[in-house]
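Student: First the structure, which I've put down as structure tokens, then a few questions once you've had a look.
We did not get these values from a lab; they are worked out from the coordinates using the rules stated. Keep in mind that what you see is a predicted model, and the values were worked out from it rather than measured. Cβ coordinates were reconstructed from backbone atoms using ideal geometry, including for glycine residues, and neighbour counts include every protein chain displayed.
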Amino acid sequence: MEIMENCIFCKIKDKQIPSFEIWSDDKFYAFLDINPISPGHTLLIPKQHVDYLFDIDEKQYSELFMTARKLAPMLKRGTGAKRIGIIVEGFLVPHAHIHLVPLNQGNQLNPANAKPMDKTELAKIAERIKNVL
């Protein structure tokens, strides 16, 4: 897998930086955002480094969104959320990624609502989500 030396997401998926992993396979890695909009806010990244979402080849692009679709029910059950929302922005970290955000009402997908979460709480949420597999 390609890695960009200074990419924080490449370092996370390669376990150089600790994360609260939710799920992974040979192509994608899902982990909790440490500054969640809501508890269970998950980042889904391709393991291959690509800066911009729309630069991913068509097959991997489809697989990324199919993986998000596969993870949504797990996140929904693990957090008790009514729905899972998606945000794609792509400026903060130059590695293609999708935000999967547990939602319980409208107007919750505001990045301004993100705030740091205690590592103990993140670990509890990660375990709860992984246990629904």
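Student: Quick one: of LYS27/LYS130; LYS11/LYS76; LYS15/LYS82; LYS15/LYS76, which pairs are farther than 21 Å apart, Cα to Cα?
Tutor: The pairs that break the limit, which is 21 Å between Cα atoms, are LYS11/LYS76; LYS15/LYS82; LYS15/LYS76.
Student: Using a Gaussian network for the chain with springs between C-alpha atoms less than 10 Å apart, which of these wobbles most: ALA81, ALA72, ALA112?
Tutor: Greatest mean-square fluctuation among the candidates belongs to ALA112.
Student: Still on this structure, I have one more. Against the 2.2 N^0.38 Å scaling, with N counting residues, where does the chain land? I'd like the Cα-based Rg ratio to two decimal places. Provide the component values of the computation, followed by the final result.
Tutor: Numbers: Rg = 13.9 Å, N = 133, 2.2 N^0.38 = 14.1 Å.
For the chain, the normalised Cα radius of gyration comes out at 0.98.
Student: In whole percent, what relative contact order does the chain give with Cα contacts below 8 Å and a gap of six or more residues?
Tutor: Numbers: 229 pairs, mean separation 40.3, N = 133.
Once normalised by length, the contact order is 30 percent.
Student: Go ahead and collect, in residue order, the members of the range 51-70 whose backbone nitrogen is under 17 Å from a label point 7 Å along the Cα-Cβ direction of VAL132.
Tutor: 67-70
Student: Now, a different point. Who wins for biggest fluctuation among LEU32, LEU100, LEU53 in a Gaussian network model of the chain, springs between alpha carbons below 10 Å?
Tutor: Fluctuation is largest for LEU53.
Student: May I ask you to work out the translational diffusion coefficient for the range 51-126 at 10 °C, viscosity 1.306 mPa s, via Stokes-Einstein with Rh from the Kirkwood sum over Cα pairs, reported in whole µm²/s?
Tutor: On the way: Rh = 14.0 Å.
Approximately 113 µm²/s, per Stokes-Einstein.
Student: Taking H placed 1.01 Å from N in the peptide plane, check which residues at least 5 places from TYR29 or on another chain put their amide H under 5 Å from its amide H.
Tutor: ILE45, LYS47
Student: Can you list the residues, at least 5 places off or on another chain, whose amide H is less than 5 Å from the amide H of GLY85, using H built in the peptide plane?
Tutor: Amide H to amide H, under 5 Å and 5 or more residues apart or across chains, GLY85 pairs with VAL101, LEU103.
Student: Still on this structure: Give a residue-ordered list of calculated ³J(HN,Hα) values for the range 117-123 (Karplus: 6.51 cos²θ - 1.76 cosθ + 1.60, θ = phi - 60°; whole Hz; x for Gly, Pro).
Tutor: 10, 4, 4, 5, 5, 4, 4
Student: Quick check on the chain: helices-only [θ] at 222 nm, where DSSP H runs of length 4 and up contribute -39,500 (n - 2.57) each and the sum goes over total residues. Nearest 500, please. Before the final figure, lay out the partial values.
Tutor: On the way: 3 runs with 40 residues, N = 133.
Helices in the chain give a 222 nm mean residue ellipticity of -9500 deg cm²/dmol.
Student: What list of ³J(HN,Hα) couplings, whole Hz, do you get for the range 98-111 from phi and the Karplus terms 6.51, -1.76, 1.60, once you set θ to phi - 60° and write x for glycine and proline?
Tutor: 10, 8, 10, 10, x, 10, 10, 6, x, 6, 9, 7, 9, x
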